[in-house]
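K.L.:
This is the structure I want to talk about, given as structure tokens.
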Amino acid sequence: DSGVTQTPKHLITATGQRVTLRCSPRSGDLSVYWYQQSLDQGLQFLIQYYNGEERAKGNILERFSAQQFPDLHSELNLSSLELGDSALYFCASSVERLAGVYNEQFFGPGTRLTVL
Amino acid sequence: AQSVTQLDSHVSVSEGTPVLLRCNYSSSYSPSLFWYVQHPNKGLQLLLKYTSAATLVKGINGFEAEFKKSETSFHLTKPSAHMSDAAEYFCVVSEARNTNAGKSTFGDGTTLTVKP
């Protein structure tokens, strides 16, 4: 158990809908990352938040957005869903308190999104 | 800019024989390097990490990796494969630079199959 929790575990929805995925980082971790994993594109970095602020952006679509709240939990919002958005969405967290040192990420179990 | 290449998409070994998963990286700065393992329908788990200390890094479950700057490689090895090692393995590179956070780049993954 990594200490990172994600809800829900599974989500089935229809095209055009909007969903929200939730992530609670490990206690004390300030950074939260979101990843998308699909069979055709592999593991793709979406976005990172550090202590409530957006820190880095990857291959995140404009239909997707995220935020990190004062209690450090994070939500990933996916809207106008398409069939191709079906994937495993992972959240990870890390401490990242040491300047110049990259700390390892701890991954949650993922949310499996199926768009029908 | 940084990049990572996992040279084999699939590796198959017999139980009890050595494992070698190859990873080459490219980085403009001193990188941090990681290996993660993902078992089916699970999140990623950190196996080991290199952050500019000893070049031979020992991880969990008997895995180790050697950082070779001249060859820009960070290959993962294990002397004797176990059936439970069957999983997907990801090599990750990150440039910490002068900030507390670094954007990480994941390799495409290597699927390890262990035959009885």
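K.L.:
Give me the count of lysine pairs in chain B whose alpha carbons sit under 30 angstrom apart, restricted to pairs 8 or more positions apart or on different chains.
P.N.:
For chain B, the number of qualifying lysine pairs is 22.
K.L.:
Taking N as the number of residues in the range B:1-42, what value does Rg over Cα atoms divided by 2.2 N^0.38 Å take?
P.N.:
On the way: Rg = 13.4 Å, N = 42, 2.2 N^0.38 = 9.1 Å.
Relative to the rule-of-thumb radius for its length, the range B:1-42 sits at 1.48.
K.L.:
Same structure, new question: Highest GNM mean-square fluctuation, chain B, Cα pairs closer than 10 Å: which of B:43, B:59, B:16?
P.N.:
For chain B, modelled as a Gaussian network with Cα springs under 10 Å, the answer is B:43.
K.L.:
Return the whole-Å distance between the Cα centroid of the range A:66-81 and the Cα centroid of the range B:63-97.
P.N.:
So the separation of the two Cα centres works out to 32 Å.
K.L.:
Cut-off is 10 Å between beta-carbons; in what order do A:38, B:104 appear when sorted fewest neighbours first?
P.N.:
Values: A:38 15, B:104 25.
Ranked by crowding around the Cβ, least crowded first: A:38, B:104.
K.L.:
What is the sum of charges, Lys and Arg at +1 and Asp and Glu at -1, for the other residues whose Cβ falls under 12 Å from the Cβ of residue B:56? Kindly include the intermediate steps, with their values, before the conclusion.
P.N.:
Numbers: positive: B:58, B:68; negative: B:64, B:66.
Local charge sum for residue B:56: 0.
K.L.:
Write down the percent of antiparallel bridges among all DSSP beta bridges whose residues are both part of chain B, to the nearest 5.
P.N.:
Details: 37 of 42 bridges.
Expressed as a percentage, antiparallel bridges in chain B total about 90.
K.L.:
Same structure again: Other chains near B:42-53: what is the mean number of their Cβ atoms within 10 Å of each residue's Cβ? Please list the in-between numbers first.
P.N.:
On the way: counts 4, 15, 11, 3, 5, 1, 1, 3, 0, 6, 2, 0.
Mean partner-chain Cβ count within 10 Å for B:42-53: 4.
K.L.:
Same structure again: Could you identify which residue out of A:21, A:83, A:72 has the top mean-square fluctuation in a GNM of chain A using Cα springs shorter than 10 Å?
P.N.:
The residue with the greatest mean-square fluctuation here is A:83.
K.L.:
Still on this structure: Enter the per residue convex hull volume of chain A, computed from alpha-carbon coordinates, in Å³ rounded to the nearest integer.
P.N.:
On the way: hull volume 11.3 nm³, N = 116.
Once divided by residue count, the hull of chain A is 97 Å³.
K.L.:
Here is a further query. Over the Cα atoms of the protein assembly as shown, how large are the radius of gyration and the largest Cα-Cα distance (Dmax), in Å?
P.N.:
Just the Cα atoms of the protein assembly as shown yield Rg and Dmax of 17.6, 51 Å.
K.L.:
Taking chain A as a Gaussian network, where each spring joins two C-alpha atoms under 10 Å apart, which residue of A:40, A:71, A:29 fluctuates the most?
P.N.:
A:40
K.L.:
May I ask you to give the average projected area over all directions of the convex hull of the Cα atoms of chain B, in nm² rounded to one decimal? Present the calculation step by step, with values, prior to reporting the outcome.
P.N.:
On the way: hull surface 28.3 nm².
The orientation-averaged projected area of the Cα hull of chain B comes to 7.1 nm².
Values in this text are rule-based calculations from the coordinates and carry no lab data. On a predicted model such as this, the values are computed, not experimentally measured, just so you know. Every residue, glycine as well, gets a Cβ built from its backbone with ideal geometry; the counts of neighbours run over all protein chains shown.
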